1. Any residue that is out of contact with any helix residue (DSSP H, G or I) (no Cβ under 7 Å at 6 or more places or on another chain), under 22 Å from VAL323 (Cα atoms) and in a helix (DSSP H, G or I) - is there at least one of those in the stretch 373-381?
2. Report the residue count in the stretch 392-411 for those that are at pLDDT 90 or above and over 19 Å from the mean Cα position of the chain (by Cα).
3. In the stretch 135-187, which residues are among the hydroxyl-bearing types (Ser, Thr, Tyr), without any contact (Cβ under 8 Å) to a residue 40 or more places away in the chain and under 15 Å from LEU121 (Cα atoms)?
4. Have a look at GLY368, GLY320 and point out the one that is over 30 Å from ALA274 (Cβ atoms), at pLDDT below 95 and either assigned to a strand (DSSP E or B) or not hydrophobic (A, V, I, L, M, F, W, C) (or both).
5. Using the structure shown, decide if ASP47 is under 16 Å from PRO261 (Cβ atoms) and within 24 Å of the chain's Cα centre (by Cα).
6. Can you find even one residue in the stretch 94-113 that is part of a helix (DSSP H, G or I) and of a type in the set (A, V, I, L, M)?
7. Residue check: is ASP428 over 30 Å from VAL163 (Cβ atoms), at pLDDT 90 or above, of a type outside the set (Lys, Arg) and surrounded by fewer than 20 Cβ atoms within 10 Å (Cβ to Cβ)?
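The values are calculated or read from the model by the stated rules, or taken from the named source; none is laboratory data. Keep in mind it's a predicted model, so treat the numbers as computed, not measured. Don't worry about glycine lacking a Cβ; one is built from the backbone with ideal geometry, like all the others, and counts go over all protein chains shown. Heads up: the accessible areas ignore ligands, DNA and RNA and are worked out on the full protein's heavy atoms, side chains in. Shrake-Rupley method; radii C 1.70, N 1.55, O 1.52, S 1.80 Å.
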Amino acid sequence: MTPLLKGLGRVTALALAMGLSGSALAANGPRNVLIFVADGLRSAVVDKDTAPALAAVRDEGVDFRNSHALYPTITTPNAAAIATGHRLGDTGDFGNVLYIGRPFGPPYGSPVAPLEDDVILGLMNDRFGGNYLNQTSLLQAARDKGFNTAAIGKLGPTAIQDVTSREGTGAIIIDDATGYPGGEGVGLSRELAKAIEAAGLGRMTPDRGLNSSPGAYNMPGVQVANVEQQDWFVAVAAKVLLPRFKASEKPFVMVFWSRDPDGTQHNEGDSLNALAPGINGRTSLAAIRNASNDLQALRQALTDLGLDKTTDVIVTADHGFSVNSRQSATSAAAKLRFPDVVPGYLPPGFLAIDLAKALKLGLFDANGFPIATGEGFYPKRGGSILAADAAKPKVVVVGNGGSDLIYLANPDDRTLAARVVAALTAEDYIGAIFVNDRPRRRRRVPPDGRHRLGRNSRDAAALDRGEFPQLFHRLRRPRNLRRRDRGYRSATGPRHPWLLRPSGHSQLHGRHRTEFQARIPRPGAGGQRGYRADCRPPARPGPGRGRQGRGPSARRGAGRRWQGSGWRDPHYAFPTRGERLCHRARLAGGGRYAVFRRRRHAGPNDRIGGRRAP
């Protein structure tokens, strides 16, 4: 068995898996690939005590220490990346919940689509050209080359691994909904269903039992890991799928998606209305050990079947995990009273409540029903419509955990966009704002009337066909909290709470422009200053252009300015030795912001505007 390691980057995992299989195929015949995804696992928490099997793979194999999740750092965007090797601009999967414009038919009357649902994934395929990701998956590519393929584990990301496999065709898909009446899960062949039963396992996936309750404001959440359900998944893989693959004498690619530790960490009951111990409490650590035990059981099954010498094992996570405070000094929503929310705490849907008040718009749920916040009601269904009339939305807010996607009915309305950004930056819980301000390109409607998410959705009726969100944000991480209790750095990369650093230069300055703003101190501003990266590739340095900055970095680069940047802010300089790349950026509607991207740790002589670099 070739162990590769935890911490592997999303796209890197796929490239490496395919590369290993390709090189090994030429040398020693086809090899098998097992990709183990521990949902919500923090790399730094793994050691011989907390997760011995995970630590063993890291120690025996290759450790990719600088891997990063795609932002938003939630499940389905990164599941799509693991499945296809493509980023969000190609797959269009920007969140666990998306606004799709035109609602699905009955009984799904909402324009908001929760993607961690097999039925919804099928409807998304129907709406967007038969494959809502618009990309070939790793499992599909392997299957086309004659490999056996399977994905097993958590509902949603498991089916995304080969999203076009439906009704028992294509890859084997086994998740939370498998075997339940009513067709909620992806179908299994009759032969496979009988094989599962013959192995002494029930045809239906066990539910999560005591692991499923998130608790309430006055009642702790779960205090056990998701053991029973995941044991069933492991048993199906070890007793049914792997023996069948071996008997077929064909190589295989299998994805095992462990819901733990993510599901348990979301619902953990160790910290009722408190930040600590939070995700470092007893229950979350039990979930991490549960995932580790599942990996060990799968490796043991490979050994027992004699497949360990021909199988490459890749371990990764879709994202990390951190805690968020539910308190705010600026939020209007926190000042309201709700029967099931601790007074002074932020209620579910707080961003939509705050935006509706700031924009002076009515607040509706995703189905168009008004929400009377003054009477103790708040948004509960994942999405909110901000408008005078719900049939004519101005703004749509779709909640996604620590981030929200914000859609404008008219993406070209820069005045409204500027008002939204101004409202967001006034709140103390905002950690970063991304803005998509590319002008829309009108496209001819395809003859078959089908449309796709991602880059192919840029047409005149974009919202009805899967438009990019115009803005989205992430929550600021709590301050005055021990670093361990915050959770290891967000899977997006930074150790600095105010800096959200994409995974690589090509992601920040590549073809998929993502604009980024956070808040950092600025001299003379009397408070906070915006930070923004406009992801157009920076011009190369050249003589005689722009304003020379101040400080040693600027003096060191005297005579070399950033050509074509048009920068005119005297508070900031342009280092020319590679520590930072700087260029001009503006908010929608105007406004000048300092721009830089850290490429290395700042040296003692690096300064910006006469001040030491942060």
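1. For the stretch 373-381, residues out of contact with any helix residue (DSSP H, G or I) (no Cβ under 7 Å at 6 or more places or on another chain), under 22 Å from VAL323 (Cα atoms) and in a helix (DSSP H, G or I): absent.
2. Result for the stretch 392-411: 6.
3. THR164, SER165, THR178
4. Working: GLY320 fails: over 30 Å from ALA274 (Cβ atoms).
After applying the criteria, what remains is GLY368.
5. Values: under 16 Å from PRO261 (Cβ atoms): yes; within 24 Å of the chain's Cα centre (by Cα): no.
No: the conditions fail for ASP47.
6. Of the stretch 94-113, the ones part of a helix (DSSP H, G or I) are none.
No, because not a single residue in the stretch 94-113 is part of a helix (DSSP H, G or I) and of a type in the set (A, V, I, L, M).
7. Details: over 30 Å from VAL163 (Cβ atoms): yes; at pLDDT 90 or above: yes; of a type outside the set (Lys, Arg): yes; surrounded by fewer than 20 Cβ atoms within 10 Å (Cβ to Cβ): yes.
Criteria met by ASP428.
Here's the yes/no breakdown for (1) under 28 Å from LEU155 (Cβ atoms); (2) at pLDDT below 95; (3) outside any loop (DSSP other than H, G, I, E, B):
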| site | (1), (2), (3) |
| --- | --- |
| VAL62 | no, yes, no |
| ARG65 | no, yes, no |
| LEU70 | yes, yes, no |
| PRO77 | yes, no, yes |
| ALA81 | yes, no, yes |
